[in-house]
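The block underneath contains the structure these notes are about, expressed in structure tokens.
The values are calculated or read from the model by the stated rules, or taken from the named source; none is laboratory data. Since the model is a prediction, treat every value here as computed from it, not as a measurement. Cβ placement follows ideal geometry from the backbone for every residue including glycine, while neighbour counts extend to all protein chains displayed. Protein only, heavy atoms only, side chains kept; ligands, DNA and RNA dropped before computing areas. Shrake-Rupley method; radii C 1.70, N 1.55, O 1.52, S 1.80 Å.
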Amino acid sequence: MRRMIGVPPNVSLGGFVGDRLVAMAGYVVSPRVKLRHKGHVVGVYVAPEWRGSGLALALLGRLVAEARAAGLQILTLSVTVGNPAARRLYRRLGFVTYGTAPGSLLVDGVPWDEELMALMLDDPSVEAGTRPR
């Protein structure tokens, strides 16, 4: 795993096999004063041949650690309803659902809902990857 391009306080990470980028994830932080305590996870992708390998868990675990080290209090994300693998991954890391955004995505004219999730980074009882399910 390597830290990639990202203008602080934003972070982008990449998962590499040799010199080949096979996974990526990042978070962005709003420049607005009242929102600087939280980051929003973006750009999570793992190449199909590496899915199920544990790479996504390692990459997102590192992203959570980076957010904590940066002093963020909350990480948020959205996951398309109907993507159980991603949902399981985020739950394993300790993210909890706080709502649903109906019709949030429009793909080929078809609306898809998004599940909204958050991880409270300043809660000492929550450690990435160890939260009870």
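With a simple spin-label model that places each label point 7 Å from the Cα along the Cα-to-Cβ direction, the separation between LEU105 and TRP50 comes to 2.0 nm. Distance between the pseudo-spin-label points of ASN83 and ARG20 (7 Å out from Cα toward the beta carbon): 2.3 nm.
Taking all protein chains into account, the per residue accessible area for segment 1-92 stands at 57 Å² (1.4 Å probe).
Across the alpha-carbon set of the chain, the Rg to Rh ratio works out to 0.96, Rh being the Kirkwood radius. Measuring nothing but protein heavy atoms, the accessible surface of the chain at 1.4 Å probe radius is 58 percent carbon and sulfur.
Report, as a whole number in µm² per second, the diffusion coefficient that Stokes-Einstein gives for segment 2-74 at 20 °C and 1.002 mPa s using the Kirkwood radius over alpha carbon pairs. Reported coefficient: 169 µm²/s.
Computed from backbone phi, the HN-Hα couplings of segment 69-75 come to 4, 7, x, 5, 9, 9, 10 Hz, rounded to whole numbers (Karplus: 6.51 cos²θ - 1.76 cosθ + 1.60, θ = phi - 60°; Gly and Pro given as x). A cut-off of 5 Å between modelled amide H atoms, ignoring neighbours fewer than 5 places along the same chain, links PHE95 with no other residue. Estimated purely from DSSP H runs of n ≥ 4, each contributing -39500 (n - 2.57), the mean residue ellipticity at 222 nm for the chain is -5500 deg cm²/dmol once divided by its residues.
Counting pairs of alpha carbon atoms under 8 Å apart in space and at least six apart in sequence, what relative contact order in percent does the chain give?
Dividing the mean separation by the residue count of the chain yields 19 percent.
Modelled spin-label separation between VAL28 and ASP113, with each label point placed 7 Å from Cα along the Cα-to-Cβ direction: 2.5 nm. Selection among LEU105, SER78, LEU89 by position relative to the dipole of segment 49-116 gives LEU89 as farthest towards the positive end (Cβ unit charges, Cα centre). Positive-end ranking of GLY14, ALA67, TYR27 along the dipole of the chain, with charges on Cβ about the Cα centre, is headed by ALA67. Full extension of the chain between ASP122 and ARG36 yields a length gain of 29.6 nm, computed as 0.36 nm times the residue separation minus the alpha carbon distance. Ordering THR97, THR76 by accessible surface, largest first, gives THR97, THR76; the 1.4 Å probe counts only protein heavy atoms, with every chain in place. Quote the relative contact order of segment 21-84 in percent (integer), defining contacts as alpha-carbon pairs under 8 Å separated by 6+ residues. Once divided by the residue count of segment 21-84, the mean separation gives 37 percent.
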